Structure formats: structure tokens, C-alpha cells
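The values are calculated or read from the model by the stated rules, or taken from the named source; none is laboratory data. No experiment lies behind these values; they were computed from the predicted model shown. So basically every Cβ, Gly included, is an ideal-geometry build from the backbone, and we count neighbours across all protein chains shown. We work out accessible area using only protein heavy atoms, side chains counted, and drop any ligands, DNA or RNA first. Shrake-Rupley method; radii C 1.70, N 1.55, O 1.52, S 1.80 Å.
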Amino acid sequence: MGCPSILFVNRVFPPDKGATGRCVSDLAERMAAMGWRVTVVADGCGPSNAPPGVIVCRTGGESPPDAGAGRTDARLTVRGYLAAAVRLIQRALRLPRHDVVVTMTDPPLLACAGPLIAARHGAASIHWSQDVFPALLPVLGIRLPEPLMRMMEWASARALRRHDAVVAIGRCMAGRLAVGVAAERITVLPNWPDPRIRPVPRAENPFRLEHGLGNRFTVAYSGNMGLAHPMDAVLDAATLLARSDPAIEILLIGEGRRRAAVAEAVERCGLANVRLLPLQPPDRLAESLSAADLHLATMDPRAEGLLVPSKVAGALAAGRPCLFLGPSGSDAAAMLEGCGQRLAPDDAAGLATAIRRYARDPVLCAEHGARALVVASSWDAMAAARRFMALADTLRRTRLRGASVLPGRSLPHA
């Protein structure tokens with residue numbers, strides 16, 4: 001019968017930028033090591049950092065600009081993503097048969113093609129939801145005509161119901177998806193921190209030395225400064241700290257559509273305690289994240305259940321406490337018990353107070369950092385791969401027995 005096979009379809013794959021590509025790579029590598037034949041379809045024509053045993057098939061097209069990377073016109077972004085989706089679908093349909101097909105949410109609404117691709121392969125279909133589209137589009141500044149938005153919502157809900165299983169990266173997201181998908185077909189499988197992240201001792205950290213941080217208490221925001229991640233409270237807290245605790249250093253590391261506005265605000269307000277740095281390469285994540293004594297993460301309340309910020313997991317894996325400015329219902333907030341704090345997204349005064357608390361209490365900071373490591377180590381890439389493999393294998397075996405994967409449906413992809 002041969003080894004089981006699985007096909008992942010996602011716009012990006014390392015060395016492309018994008019957390020979804022890294023997640024696919026982590027999972028694909030471990031599933032291949034466990035005996036699966038793993039293929040990934042990704043957009044573009046560049047090289048791929050394919051792990052051992054993983055085949056990466058590129059579409060050959062020009063990948064669209066990252067929606068969070070610059071001030072891209074929304075209409076061009078939508079057209080670019082639609083073109084990428086067409087290329088991905090065409091490439092996936094031409095591949096040899098696989099037992100399981102997995103679509104992701106990059107580009108948005110790729111879920112709509114999952115049942116079609118699975119039908120072509122005679123495969124089980126899983127949608128791995130990293131974000132919930134089209135509901136997230138307005139939060140990202142992409143506003144579509146109301147009739148088009150309603151049509152996309154209908155198509156997305158219909159497609160999700162036709163998948164054999166849907167994977168959500170948080171309980172908050174599962175709640176959103178359960179509006180249109182039966183709860184028993186939704187599996188909650190949180191994203192894990194990048195396996196390369198580990199604590200680097202403060203005194204030996206090359207990143208701290210290179211940037212002259214010395215013994216200064218350092219706070220960092222590291223990651224996408226996108227439209228779903230408001231920064232006003234962070235800048236207002238920095239203004240308060242510049243007056244009361246100017247020795248506290250604040251690093252804003254990363255890219256995104258808010259970055260230019262943040263840089264302008266830092267310069268306009270003369271915030272000498274804030275430093276903007278570029279996105280760090282993956283092989284330096286351990287150093288850059290460990291360079292901070294305390295981390296920050298933000299999320300627009302409107303995005304609750306539509307995404308789960310990955311910054312929190314990365315901070316905890318570096319052994320650092322984290323302050324999350326976002327909704328209480330997000331899974332990101334639930335992770336911080338004993339290793340951080342949730343604050344209201346607009347609570348600049350509360351943020352400044354919390355930062356001072358950690359800066360003035362090194363014992364508390366160390367205790368919460370140790371707890372952060374415990375939380376991070378409880379869920380890693382291998383644990384996620386085992387869970388995902390178990391789900392995929394159950395669906396595969398169900399199809400081999402000739403049973404309907406979806407109750408009451410003889411042709412789940414027809």
C-alpha cells in the first residue's frame with residue numbers, strides 16, 4: 001500500500017517570509033521523519049529550504065507583496081492574492097495523487113479550493129485555519145463592496161462545511177468557525193514557537209552587545225507591525241516612561257504597514273528611549289528575543305478569534321515574560337498565567353506601570369521568565385506534528401475503508 005502521503009498548499013515556504021510557511025516547514029519535516037510522503041505547493045519561483053524527505057513544488061509565478069510589509073494598494077493586493085491562488089490550485093491539481101490535502105489561509109479563501117483539489121486526488125481534505133477570512137479583511141484595511149463581502153462569506157462558509165476537518169489555532173478561533181462548521185469536526189491545534197528560539201544568557205547575548213544595551217532594562221515588540229496590531233498605546237507608554245524612567249530601553253523590531261507611522265511618531269515625539277530595528281533573520285531569533293527582559297504583543301479587539309498572535313509564544317520560548325494588549329478572550333491572553341499580563345489595548349498608563357513593575361523587580365521578572373519556559377515547552381513542533389499526523393491518518397484510514405468522512409455524505413468532495 002505504500003507510505004501515507006499528504007499535500008500542503010500555502011503561498012509561502014522558507015526562505016519566504018511568513019509565519020505560515022515556517023509552520024508548514026516544521027510540520028512537514030516531522031511528518032516526513034515519521035514515514036509520510038510530504039509535498040508542499042508554494043508560490044513563486046525561488047529556492048526552497050526543503051527539509052529532508054519533503055518535496056516543494058513552486059508555481060513559477062511572482063508572489064504578491066506581503067499585505068503587512070508595505071503600503072500596498074489594497075486592490076493590487078487582492079488581485080495579487082487571487083492570481084497566487086489560481087497558480088497554487090493549478091499546480092496542486094497537476095500533482096500525483098495524495099491521501100490527504102491540506103489548505104491554509106495564505107492566500108485568503110484558499111479553503112474554497114480545498115474540496116476541489118481533494119476531489120481530484122481522491123483525498124481527505126483538511127483546512128488549517130491560521131486566520132479567519134473574509135471576516136479579517138476589514139481589520140486589515142481591505143474594504144470590499146458589501147455584495148462582494150457577503151458572497152465571499154457565503155462561499156467561505158460553504159467550503160469549510162465541505163472539508164473533512166478544520167484545524168483552528170486557538171479556542172477563540174474554533175468558536176468563530178463553529179458558527180458554520182460542526183464543532184466535532186474542528187480540531188484546536190495551537191501554533192508553536194519557532195524551534196530555533198531558546199533563551200540566550202543576558203550577559204553573553206551578541207545582540208545586546210551589538211546594540212549597546214549594556215545593563216539597561218529592555219522591552220521589545222518583535223514581529224509584524226500590521227494593521228491588526230495597534231501601536232498607539234505602546235508609543236503613549238513610551239512617552240510616559242521617557243519622563244519617569246528614561247533608562248528603560250524599548251525596541252520595536254520588525255516590519256509591517258504601521259511601521260512607517262510608528263517611525264514618524266517616534267521622531268516627532270523625540271522618543272530617545274525607543275529604537276526601531278529591522279526584522280531579524282530566523283537564525284538570530286534566539287538572540288534578538290532573548291535580548292529583551294520583557295516582551296510586548298498587541299491585537300485589535302475586532303480580530304478576536306480571527307487570528308492568534310504568534311509573538312506571545314515566541315517571547316515565552318525565549319524565557320521572557322510578556323505583556324499582551326488585546327482582548328481577554330484571545331488564546332494569547334490565556335497563555336500568560338504566571339508569566340505576564342493582559343491589558344486593555346488602549347491602556348497606555350497601565351502598560352507603563354506594568355513595565356516599571358518588572359524593571360524594578362528583577363526577582364519577579366526572573367520568576368515569570370522561568371514560568372514562561374515551562375509554558376512554552378509544554379507545546380512544541382513535535383507535539384503539534386503528532387497531533388496533526390493522528391488527525392490526517394484517521395481521515396486517510398476512513399477513506400480507505402470506503403466510509404464517508406463526513407456523516408451522512410457519500411461524496412464529501414462532490
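The sole residue among VAL200, VAL219, VAL262 that is under 18 Å from ARG356 (Cα atoms) and surrounded by 17 or more Cβ atoms within 10 Å (Cβ to Cβ) is VAL219. Residues that are outside any loop (DSSP other than H, G, I, E, B) and over 27 Å from the mean Cα position of the chain (by Cα) do not occur anywhere in segment 270-287.
Would you say VAL56 is outside any loop (DSSP other than H, G, I, E, B) and surrounded by 21 or more Cβ atoms within 10 Å (Cβ to Cβ)? Against the criterion (outside any loop (DSSP other than H, G, I, E, B) and surrounded by 21 or more Cβ atoms within 10 Å (Cβ to Cβ)), VAL56 does not qualify.
Scan GLU153, GLU184 and give me the residue that is in a helix (DSSP H, G or I), acidic (Asp, Glu), farther than 27 Å from TRP379 by Cβ and open to solvent by 60 Å² or more (accessible area, probe 1.4 Å).
On the way: GLU184 fails: farther than 27 Å from TRP379 by Cβ.
After ruling out the rest, the residue left standing is GLU153.
Only one of SER328, SER310 is within 25 Å of LEU227 (Cα to Cα), without any contact (Cβ under 8 Å) to a residue 24 or more places away in the chain and hydroxyl-bearing (Ser, Thr, Tyr). Can you tell me which?
When all the criteria are applied, what remains is SER328.
Where strands (runs of 3 or more DSSP E) sit wholly within segment 291-406, those with at least 1 residues that are hydroxyl-bearing (Ser, Thr, Tyr) and touching a helix residue (DSSP H, G or I) at 6+ places or on another chain (Cβ under 7 Å) occupy 294-298.
The rows are residues; the columns are (1) within 30 Å of ARG401 (Cα to Cα); (2) without any contact (Cβ under 8 Å) to a residue 24 or more places away in the chain; (3) open to solvent by 10 Å² or more (accessible area, probe 1.4 Å).
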| site | (1), (2), (3) |
| --- | --- |
| TYR81 | no, no, yes |
| ALA84 | no, no, no |
| GLN90 | yes, no, yes |
| PRO96 | yes, yes, yes |
| VAL101 | yes, no, no |
| LEU110 | yes, no, no |
| LEU116 | yes, no, yes |
| ALA119 | yes, no, yes |
| ALA123 | yes, no, no |
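Filtered by the rule that a residue be in contact with a Phe, Trp or Tyr (Cβ under 7 Å, 6 or more places away or on another chain) and of a type in the set (Gly, Ala, Ser), segment 354-401 gives ALA359, ALA381, ALA384.
Report yes if PRO145 is open to solvent by 20 Å² or more (accessible area, probe 1.4 Å) and modelled with pLDDT of 95 or more, otherwise no. The answer is no for PRO145. Taking the criterion of being open to solvent by 10 Å² or more (accessible area, probe 1.4 Å) and either touching a Cys at 6+ places or on another chain (Cβ under 7 Å) or closer than 13 Å to SER156 by Cα (or both), the residues of segment 125-136 that qualify are ASP131, VAL132, PHE133, ALA135.
Taken over segment 202-234, the criterion of being farther than 29 Å from ARG302 by Cβ and either within 22 Å of the chain's Cα centre (by Cα) or without any contact (Cβ under 8 Å) to a residue 60 or more places away in the chain (or both) is satisfied by ALA203, GLU204, LEU209, GLU210, GLY212, GLY214, ASN215, ARG216.
Reported count of residues in segment 2-51, each being in a loop (DSSP other than H, G, I, E, B), of a type in the set (Lys, Arg) and either in contact with a strand residue (DSSP E or B) (Cβ under 8 Å, 6 or more places away or on another chain) or open to solvent by less than 50 Å² (accessible area, probe 1.4 Å) (or both), is 1.
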